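Student: Mind looking over this structure? Questions follow.
The values are calculated or read from the model by the stated rules, or taken from the named source; none is laboratory data. All values derive from a computational prediction rather than experimental measurement. Every residue, glycine among them, receives a Cβ derived from its backbone with ideal geometry; neighbour counts consider all protein chains shown.
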Amino acid sequence: MCSDRLIIFDTTLRDGEQSPGASMTRDEKVRIAKALERMRVDVIEAGFPIASTGDFEAVQAVARAVKDATVCGLARAVDRDIDRAGEALQPAASARIHTFLATSPIHMKMKLRMTPDQVLEQAVKAVTRARKYTDNVEFSPEDAGRSELDFLCRVLEAVIAAGATTVNIPDTVGYNLPHQFGQLIQNLIERVPNADKAVFSVHCHNDLGLAVANSLSAVLNGARQVECTINGLGERAGNASLEEVVMSVRTRKDVFSCDTGLDTTQIMTCSRLVAGITGFAVQPNKAIVGANAFAHESGIHQDGVLKSRETYEIMRAQDVGWTANRIVLGKHSGRNALRTRLEELGISFESEEALNEAFSRFKDLADKKHDIYDEDLQALVTEANLDAGNEQFKLVSLRVCSETGETPEAAITLNINGEERSASAPGSGPVDAAFKAIEAIVDSGTELQLYSVNNITSGTDAQGEVTVRLERGGHIVNGQGADTDIVIASARAYVNALNKIIRPADREHPQRGDV
């Protein structure tokens with residue numbers, strides 16, 4: 001099916017969440033989905049409903065909240081998965097079921113233990129069942145990049161005949177090279193007799209750093225949907241980066257005969273939102289959304305840009321949402337001003353209590369920091385954890401003593417289910433001491449896997465945003481905290497992670513749902 005429209009299928013909420021530690025709450029998924037909707041993403045894959053009750057409810061919540069994009073749920077090619085996805089998607093204005101089954105020899109033999117004929121039969125059965133819930137059905141032959149071409153053609157012809165409107169070709173393990181993958185797409189479109197009845201899509205992983213290159217090669221060879229994620233988030237080395245795919249196609253109109261319908265000025269907002277919620281910071285030299293993406297230090301480059309931007313810039317920073325840090329609020333701003341600006345940033349509140357919590361934190365920040373920027377507000381809302389009623393641990397106070405030649409020591413007080421408990425501990429530094437003091441109270445049995453600090457804005461009074469990753473019994477969570485005092489931010493992040501890891505698991509990690 002040839003078209004000048006390239007469909008963008010965002011799987012940040014599903015495949016992106018498969019990054020260890022990147023699990024999102026239902027409310028966080030809805031926030032990201034609404035941001036993707038404002039960017040005019042065509043399809044939002046909201047999750048894997050069969051994985052757990054929590055994932056089912058998150059897909060259902062996104063289906064209710066999103067009106068202008070298609071909401072998709074992933075399902076293995078088995079009846080219970082498809083039925084669960086269909087149920088979760090009932091509230092959606094536009095719904096799609098995405099079902100998948102492996103087709104490579106190694107997957108069929110070693111994982112599925114099925115013959116090719118059994119796989120073919122099961123694939124058709126799955127699409128047929130999904131059609132009972134929606135006319136918009138997508139089928140993915142998992143590990144298509146290592147599948148035999150003749151068999152792949154048979155499967156695609158059969159699922160299209162059964163009613164699949166999109167056939168997605170995944171490079172599940174990031175094994176393909178661009179010229180190979182592009183040729184595969186061309187061969188499939190030419191050899192599948194009913195190829196004109198479906199949109200050909202691609203889903204590329206970044207194990208060799210080629211996810212975007214493979215996706216673009218596929219587009220040049222006839223693919224008209226790309227599955228991608230914000231910031232390239234995803235398990236292992238990640239997925240094709242949405243912002244890189246979209247801006248490559250838009251910037252190189254001399255090469256690509258198609259374009260997306262995205263509002264690219266929303267890219268930076270989405271990037272910061274996803275980074276803040278998941279705790280996966282964007283590297284400074286990341287294309288499009290990295291802090292250095294439009295920065296010029298070389299004298300030659302600076303001189304050229306000052307004379308003519310096009311000498312060294314192939315895109316305008318404003319086109320992807322980069323703007324100078326804009327002061328939006330200060331200590332004299334009121335609750336309504338905060339609500340209005342947050343709504344302009346795509347952040348809304350379900351209750352006055354949630355707004356009041358955010359406003360209280362805003363006032364605390366305004367007392368410490370004279371100028372408050374959009375980035376500060378986004379971090380404030382993310383760090384606020386508006387579902388505070390479910391917090392078992394709350395940071396009450398922290399005192400740290402650190403001086404040259406002396407062992408740092410921290411004294412901390414936590415509120416645990418309404419009861420205050422205190423402890424102190426020495427450490428190799430103030431942050432280490434704070435963490436040990438927390439553990440002296442909690443004794444969580446967790447292992448610290450990551451400690452990361454990023455400044456939210458520039459200046460010595462900038463907030464520091466801390467990400468802490470904890471692991472216990474194979475369960476991995478990220479905690480976030482922000483403050484102008486980096487030690488306090490660190491303690492908040494640690495407590496935030498503890499609140500996540502001690503809760504009863506509300507979802508099963510969706511690794512099994514990868515395509």
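Student: Given the structure, is residue 338 modelled with pLDDT of 80 or more and hydrophobic (A, V, I, L, M, F, W, C)?
Tutor: yes
Student: Quick test of your reading of the structure: residue 106 fulfils all but one of (1) at pLDDT 95 or above; (2) more than 19 Å from residue 80 (Cα to Cα). Name the failing condition by number.
Tutor: (1)
Student: Could you list all residues from the range 86-109 that are buried (at least 19 other Cβ atoms within 10 Å of the Cβ) and over 29 Å from residue 347 (Cβ atoms)?
Tutor: Correct list: 86, 97, 99, 100, 101, 102, 103, 104, 107, 108.
Student: Let me ask something else. Kindly list, by first and then second residue, each pair from a residue in the range 466-479 that is closer than 10 Å to residue 22 by Cβ to a residue that is crowded, with 22+ Cβ neighbours inside 10 Å and of a type in the set (Ser, Thr, Tyr), limited to pairs with Cβ atoms under 6 Å and residues at least 6 apart or on different chains.
Tutor: 478/467
Student: Same structure again: Residue 122 - would you say it is out of contact with any strand residue (DSSP E or B) (no Cβ under 8 Å at 6 or more places or on another chain) and either under 19 Å from residue 80 (Cβ atoms) or not assigned by TED's automatic domain parsing to the domain that holds residue 77 (or both)?
Tutor: no
Student: Out of the residues in the range 185-203 that are hydrophobic (A, V, I, L, M, F, W, C) and in contact with a Gly (Cβ under 7 Å, 6 or more places away or on another chain), state the one that is surrounded by the most Cβ atoms within 10 Å (Cβ to Cβ).
Tutor: Among residues in the range 185-203 that are hydrophobic (A, V, I, L, M, F, W, C) and in contact with a Gly (Cβ under 7 Å, 6 or more places away or on another chain), the one surrounded by the most Cβ atoms within 10 Å (Cβ to Cβ) is 200.
Student: Enumerate the pairs (first residue in the range 146-164 and more than 15 Å from residue 198 (Cβ to Cβ); second residue anywhere and of a type in the set (D, E, K, R)) with beta-carbon separation below 9 Å, excluding pairs fewer than 6 apart on the same chain, so at least 6 apart or on different chains.
Tutor: Filtered contacts from the range 146-164: 146/171; 149/191; 150/191.
Student: If we keep just the residues of the range 353-374 that are in a helix (DSSP H, G or I) and touching a helix residue (DSSP H, G or I) at 6+ places or on another chain (Cβ under 7 Å), which is farthest from residue 396 (Cα to Cα)? Steps first, answer last, please.
Tutor: Within the range 353-374, the subset in a helix (DSSP H, G or I) is 353-368, 374.
If we keep only those that are touching a helix residue (DSSP H, G or I) at 6+ places or on another chain (Cβ under 7 Å) too, we end up with 355, 357-359, 361-362, 365.
Values: 355: 21, 357: 15, 358: 17, 359: 18, 361: 14, 362: 17, 365: 16 Å.
Restricting to residues being in a helix (DSSP H, G or I) and touching a helix residue (DSSP H, G or I) at 6+ places or on another chain (Cβ under 7 Å), the top hit is 355.
One line per residue, one yes/no per condition, for (1) under 25 Å from residue 65 (Cα atoms); (2) out of contact with any helix residue (DSSP H, G or I) (no Cβ under 9 Å at 6 or more places or on another chain); (3) surrounded by fewer than 14 Cβ atoms within 10 Å (Cβ to Cβ); (4) modelled with pLDDT under 80:
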site: 278; (1), (2), (3), (4): yes, no, no, no
site: 318; (1), (2), (3), (4): no, no, yes, no
site: 327; (1), (2), (3), (4): no, yes, yes, yes
site: 351; (1), (2), (3), (4): yes, yes, yes, yes
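Student: Also, I was wondering about something else. Can you list the strands (runs of 3 or more DSSP E) found entirely within the range 379-465 that contain at least 3 residues being surrounded by 14 or more Cβ atoms within 10 Å (Cβ to Cβ) and modelled with pLDDT under 90?
Tutor: Numbers: elements: 393-401, 409-416, 419-426, 447-455.
Strands (runs of 3 or more DSSP E) meeting the threshold: 447-455.
Student: Just give me the residues in the range 209-238 being closer than 15 Å to residue 289 by Cβ and within 13 Å of the chain's Cα centre (by Cα), in sequence order.
Tutor: Answer for the range 209-238, where residues must be closer than 15 Å to residue 289 by Cβ and within 13 Å of the chain's Cα centre (by Cα): 228, 229, 230, 231, 232, 233, 238.
Student: Which residue out of 282, 255 is surrounded by 19 or more Cβ atoms within 10 Å (Cβ to Cβ), at pLDDT 80 or above and part of a loop (DSSP other than H, G, I, E, B)?
Tutor: On the way: 255 fails: surrounded by 19 or more Cβ atoms within 10 Å (Cβ to Cβ).
282 is the lone residue from the list that is surrounded by 19 or more Cβ atoms within 10 Å (Cβ to Cβ), at pLDDT 80 or above and part of a loop (DSSP other than H, G, I, E, B).
Student: When you scan the range 39-61, how many residues do you find that are modelled with pLDDT under 95 and surrounded by fewer than 24 Cβ atoms within 10 Å (Cβ to Cβ)?
Tutor: Of the residues in that region, 4 qualify.
Student: Only one of 167, 119, 159, 155 is over 26 Å from residue 28 (Cβ atoms), β-branched (Val, Ile, Thr) and outside any helix (DSSP H, G or I). Can you tell me which?
Tutor: 167
Student: Return the pairs, sorted by first residue and then second, in which the second residue is among the basic types (Lys, Arg) and part of a loop (DSSP other than H, G, I, E, B), the first residue lies in the range 252-279 and is farther than 30 Å from residue 478 by Cβ, the beta carbons are less than 6 Å apart, and the residues are 6+ apart or on different chains.
Tutor: 261/40
Student: Exactly one of (1) buried (at least 20 other Cβ atoms within 10 Å of the Cβ); (2) among the acidic types (Asp, Glu); (3) over 30 Å from residue 261 (Cα atoms) is unmet by residue 83. Its number?
Tutor: (1)
Student: Something else about it: Exactly one of these conditions fails for residue 68: (1) farther than 27 Å from residue 112 by Cβ; (2) at pLDDT 95 or above; (3) acidic (Asp, Glu); (4) under 17 Å from the mean Cα position of the chain (by Cα). Give me its number.
Tutor: Failing condition for residue 68: (4).
Student: Which residue, of 177, 208, is surrounded by fewer than 19 Cβ atoms within 10 Å (Cβ to Cβ), out of contact with any Lys or Arg (no Cβ under 8 Å at 6 or more places or on another chain) and under 23 Å from residue 12 (Cα atoms)?
Tutor: Result of the check over 177, 208: 208.
Student: Could you say which residue among 215, 201 is assigned by TED's automatic domain parsing to the domain that holds residue 137, in a helix (DSSP H, G or I) and under 30 Å from residue 34 (Cα atoms)? Break it down stepwise before answering.
Tutor: Values: 201 fails: in a helix (DSSP H, G or I).
The unique qualifying residue is 215.
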